[in-house]
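Contents: one structure, followed by commentary.
Any read-out appearing in this document is the output of simple, stated calculations on the displayed coordinates, not a laboratory observation. Please read these numbers as outputs of a predicted model, since none were measured by experiment. Here the Cβ is made from the backbone with ideal geometry for all residues, glycine too, and neighbour counts use every protein chain on show.
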Amino acid sequence: MRKIASLGAVLIAFISLTAMTLLTPEFKFDKETHDFGKIPLNKDASFEFTFTNSGSDAIIIHDVTPTCGCSVAEFTKVPVKKGESGSIKVTYNAAASGPFTKTFVVKSNTKTPVKTLTIKGIVE
């Protein structure tokens, strides 16, 4: 009887894990890095990262955090259903001259719950 109960518990756990994997949303970004090239000093530079939900459940973005105070991000606040698209718009304040590389940490309910987007360029 214990063998049957143990087998049943393993089977239920396997089915539950499989179902959770099948219902997982997932990002498919057009690109995850953007190079602005040369941009003028003291002029903000913005780029919009677009993505499609390639998973089977809705994507919910919890937060997008820039790694420095010189950047901000705006993102789709509503759930993005399977097959639909959303965006994350990032803006860099070009107040200092020279090359830059900045990252944005995206936290969501996706299969990969923490994703990093990158911008780079040279401020002249």
> Cross-link partners among aspartates and glutamates for K38, C-alpha distance below 19 Å, same-chain residues fewer than 8 apart left out?
Replying inline: E48, E124
> So what's the Cα pair-distance distribution over segment 25-124, bin width 5 Å, in %?
Replying inline: 3, 14, 25, 22, 14, 10, 7, 4, 1
>> What does the extension gain come out to for T65 and T33, with contour length at 0.36 nm per residue minus their alpha carbon separation?
In response: 10.0 nm
>> Can you compute the FRET efficiency between S56 and K102 using 1/(1 + (r/R0)^6), with r the Cβ-Cβ distance and R0 = 35 Å? Round to the nearest 0.05.
In response: 0.60
